[in-house]
1. Going by what's in this entry, would T335 be described as assigned to a helix (DSSP H, G or I), within 16 Å of the ligand (Cβ to nearest atom), closer than 30 Å to S219 by Cβ and not aliphatic (A, V, I, L, M)?
2. Out of all the residues in the stretch 189-201, which are loosely packed, with under 14 Cβ neighbours inside 10 Å and either of a type in the set (S, T, N, Q) or within 16 Å of the ligand (Cβ to nearest atom) (or both)?
3. Of everything in the stretch 101-113 that's within 16 Å of the ligand (Cβ to nearest atom) and assigned to a loop (DSSP other than H, G, I, E, B), which residue is surrounded by the fewest Cβ atoms within 10 Å (Cβ to Cβ)?
4. Where residues in the stretch 175-188 are farther than 16 Å from F32 by Cβ and within 13 Å of the ligand (Cβ to nearest atom), which of them is surrounded by the fewest Cβ atoms within 10 Å (Cβ to Cβ)?
5. Collect the residues in the stretch 344-360 that are within 14 Å of the ligand (Cβ to nearest atom), of a type in the set (V, I, T) and in contact with a Phe, Trp or Tyr (Cβ under 8 Å, 6 or more places away or on another chain), keeping them in residue-number order.
6. When the residues of the stretch 452-471 are filtered to those that are exposed (fewer than 15 other Cβ atoms within 10 Å of the Cβ) and not β-branched (V, I, T), which remaining residue is farthest from G419 (Cα to Cα)?
7. Just checking, which of L36, L66 is within 19 Å of K382 (Cα to Cα) and either among the hydrophobic types (A, V, I, L, M, F, W, C) or within 16 Å of the ligand (Cβ to nearest atom) (or both)?
8. What's the number of the condition Y292 fails, among (1) crowded, with 16+ Cβ neighbours inside 10 Å; (2) more than 24 Å from P72 (Cβ to Cβ); (3) under 23 Å from the mean Cα position of the chain (by Cα)?
Amino acid sequence: MNISKGRLAGNTLLINTDMTTSTINKNIYGHFAEHLGRCIYEGIWVGEHSPIPNTYGIRNDVLNALRRIQVPVLRWPGGCFAEYYHWMDGVGPREYRKRTVNSSWGEVVETNHFGTHEFMLLCDMLQCEPYVCGNVGSGTVQEMSEWIEYMTYPGGSSMALWRQANGRMQPWRLKYFGIGNENWGCGGNMRPEYYADLYRKYQTFIYNYGDNQIFKIASGGIDTNYDWTEVMMREAARFLDGLSLHYYTVPGTWEHKGSATVFTEDEWFITMKKALFIDDIITGHAAIMDKYDPDKRVALIVDEWGTWYDVEPGTDPSFLYQQNTLRDALVAGITLNIFNDHSDRVQMANIAQTVNVLQAMILTQGAMMIVTPSYYVFEMYKVHQNAERLEIQFQSGMYEFNGEQLPQVSVSASKDAAGAIHISLCNISPTAGADVEVHLRGKESRKGTIYGTILTSSDMHTHNTFQQPDAIKPAPFYGVTVTGQSFTAALPPMSVVVLTIKY
Ligand code: AHR
């Protein structure tokens, strides 16, 4: 074994197959769709009369692609949009719905054709949990309370009768409800003390009707805004089920973020470094939460994360449309490994955003659709959903660039209900391969059958386009060599690999 003087040598992985630490909540693999650019309109909703094949207005190609990655939960309608969204504008016959202005995102006209019923239909068709974000910044307590009544009250009240008149007889089951979004910024520029009090007030009027139980999520801080978490936990912990956190990986500055497709190794390195930083950020917020909530009752909900670059040249700057390369796949892989590692506290995460916006799963152009390298990571990693996280010991080798170092390999391991073991590995070095020597300890130390899938390319800029939709896609992984009771996985540079061991 590659162990000297009790320390693991570089890239040696020990997996304790009998030691599970926490369940990896499937909602860590969640998504976020905002009324922003072409995410909802064009990307998801085309309307029933569109020549693009659709089911009740929702495009079939996108629906089927999302089904393949088993979306567990979908956050909607924003984002900043949620803070000026008035849900009553989005119900009733579509031709009479109010036409409003999407003030944050290009001042385009919002037809409100995609509203509560359409969103709930989408969730039904995806068989995922809806996660609705309410309006604190410009909405009233009554408006929020009536939205809950509209969605979840069985019948007889004005709101329930209105829902029924609009075609939905049974109440929907709604578990996740967000009370505001980024209330330190686009949600009202509030101080945490003020928002904590508002949160306490608004959440009081979120009722559980019948057997519907709402999991209330407060708007949280961004990046290292630990003060927000401190104040929320100090002032409102007992009213919280979840507290959110936002973190975007921006390689440059907010003014010049950098291109999604044209970048140097320098930018590759900084992107990986910033993506890995989410580990420190979660650790920081979780430590504050531990102080007030040692039993970890309150979940940390990372309901916006992902890469954020300059928009694709020639596209509307407010629409946040960006391409997605192998670099994004690595960011997705290492971030999801980090979330798995924090699954004692992180109970949900929602990558921004599902279609055509930021680190999207799917890009569309008219009737055409492609899936991105990030999509494939979600497809490969779905085996971790609701699996038990396994205790591992791992010392990574180093990726060195310009005198700086990062851990070269990121790993996470889990055991699913059928007893299969899943290991996700990311090699972030663009130039060096990594031979990871894997030792299984415990009942499953005996050999099973190992299967693997890999996502990689020889060029860090590789991405799918409408002309070349399959420029990058997963392939079977043949880099495993078994030696006695252990095996070695030879990871090529810039690769995401998921191994499954079946017994
Ligand atoms: O995801 C884009 C925007 O980023 C969201 O609307 C907002 O919450 C965040 O600042």
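1. yes
2. Hit for the stretch 189-201 is N189, nothing else.
3. Result: E107.
4. G185
5. I351, T354, V357
6. In this case the residue turns out to be Q467.
7. L66
8. In the conditions (1) crowded, with 16+ Cβ neighbours inside 10 Å; (2) more than 24 Å from P72 (Cβ to Cβ); (3) under 23 Å from the mean Cα position of the chain (by Cα), Y292 misses (3) alone.
The values are calculated or read from the model by the stated rules, or taken from the named source; none is laboratory data. On a predicted model such as this, the values are computed, not experimentally measured, just so you know. Glycine gets a Cβ as well: all are built from the backbone with ideal geometry, and neighbour counts include every protein chain shown.
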